[in-house]
Amino acid sequence: MKINYYLLSDFSLEFNLEKVYRWSGSEDLVVNNYLGKVTEDNIEQIIEGAIRKRAILFYAFSQTLLKEKVENILNDTDLASFNFLEFGLCTLFQSFRVHKREQIKTELDYFKKIKAMEFSLQADERVSWDKLDEADIILLGVSCTAKTPLALYLGYLGYKVSNLPLVPEISLDIDKLLLYQNKIVGLTIKKDYLKELRKRKISELGLPINSKYSQESRILEEIDYAEEILSDLEAPVIDVTDKSIEKLAIEVLEAIRL
């Protein structure tokens, strides 16, 4: 009997599936790869396929709404399913029976990425000085500047990333942050593009269209505040407007010379 694994995500994760097959030592393993391919339009069809095959499902999503939709669907099924960022990606590889001595170096490379991704989740939009000590990169920006998906992607590349929200109502200890100056990268965005992103977000959340979150006056206030903080920190600043996560990751690494 063949064992079906479904790998689901809405962002790029370049697993080497040929190695997964080799590691498993079994011809009965079937991997259904939907990494970076899942959208709200196709998720129900994908899960229906997993149900038919009695599959084991592993998933990770950068979009909160998509993650919640998937988990709501899965709650009504008896599929064995795991969020492999929160649960731990190592579970995935353990399930493939990774045990060969000659694969140790490759495993360690993967585990480094796994730990970095888990770190990025734990340090998401949190002011934790312990996390800042441990982080390789610290991202600062207003809401909707791609901090979370960028942190996750950099985590996949093996970098531990902490990201901090820049909100006028939350005071930051600039003198203390200056101790991490060589790790900090600021993220900015064009006002009109940010306004459209926030309108879309509040629409998806079912909030009033005239919410303060998407009002131009509030957006300008946040952008001005962020510019002031990033100037005080003398941090390199990257404009995220209409750029892919992959391109932004390259720019971040170049900015702090990693």
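The values are calculated or read from the model by the stated rules, or taken from the named source; none is laboratory data. This one's a predicted model, so the numbers in the text were calculated from it and none came from an experiment. As a convention, Cβ positions derive from the backbone with ideal geometry for all residues, glycine included, and neighbour counts pool all protein chains shown.
Points worth noting:
- Residue in the range 220-227 that is assigned to a helix (DSSP H, G or I) and farther than 30 Å from Gln181 by Cα present: no
- Which listed residue is touching a helix residue (DSSP H, G or I) at 6+ places or on another chain (Cβ under 9 Å), without any contact (Cβ under 8 Å) to a residue 60 or more places away in the chain, in the same structural domain as Ser231 (by TED's automatic domain parsing) and among the small types (Gly, Ala, Ser), from Gly206, Gly158, Gly141: Gly158
- Selection status of Asp242, farther than 28 Å from Asp173 by Cα and outside any helix (DSSP H, G or I): yes
- In the range 195-241, residue surrounded by the most Cβ atoms within 10 Å (Cβ to Cβ) [restricted to those that are over 21 Å from Ile138 (Cβ atoms) and of a type in the set (A, V, I, L, M)]: Ile219
- Among the candidates Ser171, Ser244, the residue that is closer than 27 Å to Lys115 by Cα and surrounded by fewer than 17 Cβ atoms within 10 Å (Cβ to Cβ) is uniquely Ser244.
- Residue in the range 32-41 that is surrounded by 13 or more Cβ atoms within 10 Å (Cβ to Cβ), of a type in the set (D, E, K, R) and at pLDDT below 55 present: no
- Exclusive hit being in contact with a helix residue (DSSP H, G or I) (Cβ under 9 Å, 6 or more places away or on another chain), more than 21 Å from Phe11 (Cβ to Cβ) and of a type in the set (A, V, I, L, M), set Ile223, Ile238, Ile189: Ile223
- Being at pLDDT 90 or above and in contact with a Phe, Trp or Tyr (Cβ under 7 Å, 6 or more places away or on another chain) is not true of Asp175.
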